[in-house]
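Participant: Below is a structure I'd like to ask you about.
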Amino acid sequence: MSEVLTRSAARNIFYGGSLFFFLLFAALTAHTHWYMVTVSTDSEGLTESVKRGKHVWEENSCINCHSILGEGAYFAPELGNVWTRYGGRENAEAARAGIKAWIRAQPLNIPGRRVMPNFNLDEEELDALVDFLKWTDSIDTQGWPPTPAG
Amino acid sequence: MKYETQRVAYPFFAVAMALFALQIIFGIMAATVYIMPEFLAEAMPFHIMRMSHTNLLVVWLLIGFMGCTYYLMPEEAEQEIHSPMIAYVQLAIFAVAGAGALVSYQLGIHEGREFLEQPLWSKILITVSFLMFLYNTSLTLMKGRKTAINLVLMLGLWLAAVFWLFAFFNPSNLAVDKLYWWWVVHLWVEGVWELIMASLLAYLLIKMTGVDREIIEKWLYVIIGLALFSGLLGTGHHYYWIGAPGYWQPLSSIFSTLEVLPFFAMVMFAFFMFWKGRRNHPNKSAMLWTLGSATLAFFGAGVWGFMHTLSFINYYTHGTQVTAAHGHLAFFGAYVMMILAVITYAMPQLRRVQPYNQILNMWSFWLMSSAMCFMTFTLTFAGVVQTHLQRVMGMNYMAVQEQLQLFYVMRLGSGVLVAIAAIVFFVAVFGPAKEQASASSVAAQ
């Protein structure tokens, strides 16, 4: 390597190559952005309530216990497909009621079980959160997760 | 220490180590919750511990990078730091932003995206402090000698600042949110931070092995070239399952596999230079941390990253304890150890004494490294069992977690060992300088 590659050649390859790969990556990101808003997610269904639900999700830092689409803290169940797990695709009313009741029932006070705090969400926040989870469940995730367990 | 303003690094190192200690404490508390779920359940729920643990890591690594930069810049640029006063002020701002965020978390005040939980005012202060830092160090560089090491270091730091700006962008479409969230998270730790790490490694090797700058700087460009050529498109290994197009699966399977190469090059580089070097540097423990960092970065970031980066494997392992295993060893090897190496190298000179407490420091190295490896192994086994039960057999999440209890107990144990090793490190570095280097090594210097 000492003869075939000089320091300035290595430097030029680094700058040129990095710029090339950055531009390629930026272009693919732009395409992915377009694909997400037009193909893989339900842009029309992204209602005010879904947006508010995302805020509820963030304000209570749900991500630091749960994961969503596989990203998060792995301390509590995956929620990207919780709508499917509660049977929301068959019976939306029952799933909504079930998820809300579950959140309200926390903490369960079962000895030895991981504790989810009660975040004192009101009816509107709970509905918005469920709308957000339902909307997330509809994202085309290339078939992930492999099983409904998340 | 040739330049008086290198002293600026000292308070940065001290603050960084204080936050490192806090990070370990929150980590141990969170690991305890895995075993005793009711532990502090009301006073400090798990999500608060976890965001404290991860945020402290990022904040102290950044302060550590700043300290390393202030230490090496005068020697590389052959120029005193532009303004020590700016350095102290920006450290104070950064510390207030970090500590303020930490306190606000305990009160339940935070934003909601993983690792970016800092309240807005804290994010703004971090930005201000970082810009002051970049101004101060860039001005020093512009006035002085430009080497590959200080140019690459500053490039890495500037790009880190640029990508940080995506932290202020939070789209309401969750998929788009994740798309750009990775522009901060991945492009930092698997992109531009590698520039910082590689230039620190190159600096330490020049100083301690005495190998020609020409050779070391050529390696440096090759390594960071490999890092960005693979790491930029490698970002897509986070895009497999979040609503992105299917082409990311083959594309990023290939490119993120290549992310092993820069780490392989770094470990080869470090050991070649070590063997090639004629200089027998008296600071043996700094050399040990340097070689150890390159080695565990290769295993943690390289091998453990590759283990679950292929899309058809990641389909099953994504979001399990396998990710936690990889995250712990990658951060530890690549960034924690590299900063500890620079601190170990710099502190005797900052304190104007010969290398001291070498044996104690090496004890810390072996204890901390093996404890972190053991932690990684336990989480890896937990992840493999979890993947099989949950992702292949479809068992319920909570039922699977009960099967992992033994691994979590061992993880807590290794965490306690890391804490002990950290205390030994602090004593070795900041404590009284008990021992001089041996006469032969002083003569060789």
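The values are calculated or read from the model by the stated rules, or taken from the named source; none is laboratory data. Keep in mind that this is a model prediction, so the values were computed, not measured. No Cβ is skipped: glycine too gets one built from the backbone with ideal geometry, and neighbour counts run over all protein chains shown. Protein only, heavy atoms only, side chains kept; ligands, DNA and RNA dropped before computing areas. Shrake-Rupley method; radii C 1.70, N 1.55, O 1.52, S 1.80 Å.
Participant: Residue by residue through B:312-318, how many Cβ atoms from other chains fall within 10 Å of the Cβ on average? Present the calculation step by step, with values, prior to reporting the outcome.
Facilitator: Values: counts 0, 0, 2, 6, 4, 1, 8.
If you average over the peptide's residues, the count of other-chain Cβ atoms is 3.
Participant: Angle, helix B:9-35 long axis vs. longest principal axis of chain B, Cα atoms, 0 to 90°, nearest 10?
Facilitator: Helix B:9-35 and the main axis of chain B meet at about 20 degrees.
Participant: If you filter segment A:84-150 for GluC sites (Glu not before Pro), then keep DSSP loop positions with at most 10 other Cβ within 10 Å, what is left?
Facilitator: A:Glu90
Participant: Provide a list, ordered by number, of residues in segment B:393-407 showing at least 30 Å² less accessible area with every protein chain present than when their chain is taken on its own, using a 1.4 Å probe.
Facilitator: B:Tyr397, B:Met398
Participant: With a probe of 1.4 Å, find how much accessible area the protein assembly as shown has per residue, and write the answer as a whole number in Å².
Facilitator: Details: 22070 Å² over 595 residues.
Per-residue accessible area for the protein assembly as shown comes out at 37 Å².
Participant: Hey, any idea what the orientation-averaged projected area of the convex hull of segment B:288-410's Cα atoms comes to, in nm²?
Facilitator: Details: hull surface 33.0 nm².
Averaged projected hull area, Cα only: 8.3 nm².
Participant: If you don't mind, there's one more thing I want to ask. Count, for each residue of B:164-171, the Cβ atoms from other chains sitting within 10 Å of its Cβ, then give me the mean as a whole number.
Facilitator: 1
Participant: Just round it to a whole percent: the fraction of Cα-Cα distances in segment B:1-122 exceeding 20 Å.
Facilitator: Values: 3641 of 7381 pairs.
Value for segment B:1-122 (Cα pairs over 20 Å): 49 percent.
Participant: With no solvent and one equal point scatterer per Cα, compute the Debye intensity ratio I(q)/I(0) for chain B at 0.06 Å⁻¹ and report its log10, rounded to two decimals.
Facilitator: -0.24
Participant: Could you give the angle, 0 to 90 degrees to the nearest 10, between helix B:46-77's Cα long axis and the longest principal axis of the Cα atoms of chain B?
Facilitator: Around 20 degrees separate the two axes.
Participant: Oh, and also: Shielding by partners for B:47-55, please: the mean number of other protein chain Cβ atoms within 10 Å of each residue's Cβ.
Facilitator: Taking all residues of B:47-55 together, the mean is 4.
Participant: Rg(Cα) of chain A divided by 2.2 N^0.38 Å? Present the calculation step by step, with values, prior to reporting the outcome.
Facilitator: Details: Rg = 21.8 Å, N = 150, 2.2 N^0.38 = 14.8 Å.
The value comes to 1.47.
Participant: For chain B, which whole percent of the accessible surface, found with a 1.4 angstrom probe, sits on carbon and sulfur atoms? Present the calculation step by step, with values, prior to reporting the outcome.
Facilitator: Numbers: 11060 of 14970 Å².
After summing per-atom areas, the C and S share lands at 74 percent.
Participant: Still on this model: What is the spread of the Cα atoms of the protein assembly as shown along each of their three principal axes, largest first, in whole Å?
Facilitator: The principal-axis extents, from largest down, are 80, 49, 43 Å.
Participant: Of the candidates B:Leu296, B:Leu220, B:Leu350, which one comes out as most mobile in a Gaussian network treatment of chain B with C-alpha springs shorter than 10 Å?
Facilitator: B:Leu350
Participant: If you average the C-alpha positions of segment B:80-112 and of segment B:141-192 separately, how far apart do those two centres end up, in angstrom?
Facilitator: 19 Å
Participant: Here's a follow-up. What is chain A's relative contact order, in percent, from Cα pairs under 8 angstrom and six or more apart in sequence?
Facilitator: Values: 140 pairs, mean separation 42.4, N = 150.
It rounds to 28 percent for chain A.
Participant: Quick check: from the Cα gyration tensor, does segment B:264-331 come out rounded (a/c under 1.5), prolate or oblate? Walk me through the intermediate numbers first.
Facilitator: Values: a/c = 7.70, a/b = 2.64, b/c = 2.92.
Verdict is oblate for segment B:264-331.
Participant: Divide by every residue of chain B the summed helix terms, -39500 (n - 2.57) for each DSSP H run of at least 4, and state the resulting mean residue ellipticity at 222 nm, rounded to the nearest 500 deg cm²/dmol.
Facilitator: Per the formula, -24000 deg cm²/dmol.
Participant: In Å², rounded to the nearest 100, what is the total accessible surface buried by chains A and B against each other with a 1.4 Å probe?
Facilitator: Working: alone 10420 and 18150 Å², together 22070 Å².
Between A and B, the summed buried area is about 6500 Å².
Participant: Mind telling me which of B:Asn396, B:Asn136, B:Asn280 comes out most flexible in a GNM of chain B, alpha-carbon contacts under 10 Å?
Facilitator: It is B:Asn396.
Participant: Quick check: the angle from helix B:284-297's long axis to the longest principal axis of chain B, C-alpha only, nearest 10 degrees?
Facilitator: Taking Cα atoms only, the helix is inclined about 30 degrees.
Participant: Express in nm, to one decimal, how much length is gained between B:Ala92 and B:Val353 on full extension, taking 0.36 nm for each residue of separation and deducting their alpha carbon distance. Write down the numbers at each step before the final one.
Facilitator: Values: separation 261, 0.36 × 261 = 93.96 nm, distance 2.74 nm.
Length gained, B:Ala92 through B:Val353: 91.2 nm.
Participant: When only C-alpha pairs under 8 Å and at least 6 residues apart count, what is the relative contact order of segment B:57-201, in percent?
Facilitator: Numbers: 138 pairs, mean separation 39.5, N = 145.
Computed over segment B:57-201, the figure is 27 percent.
Participant: Provide a list, ordered by number, of residues in segment B:9-43 showing at least 50 Å² less accessible area with every protein chain present than when their chain is taken on its own, using a 1.4 Å probe.
Facilitator: Residues meeting the cut-off: B:Tyr34, B:Pro37, B:Glu38.
Participant: Also: Just the number, please: carbon plus sulfur as a percent of the accessible area of segment A:73-150, 1.4 Å probe, no ligands or DNA/RNA counted. If you can, show how the numbers build up before the last one.
Facilitator: On the way: 1870 of 3560 Å².
Ligands and nucleic acids excluded, carbon and sulfur give 53 percent.
Participant: Please give the residues from segment B:172-186 for which the solvent-accessible area of heavy atoms, probe 1.4 Å, is smaller by at least 30 Å² with all protein chains in place than with the chain isolated.
Facilitator: By number: B:Ser172, B:Asn173, B:Leu174, B:Ala175, B:Val176, B:Lys178, B:Leu179, B:Tyr180, B:Trp183.
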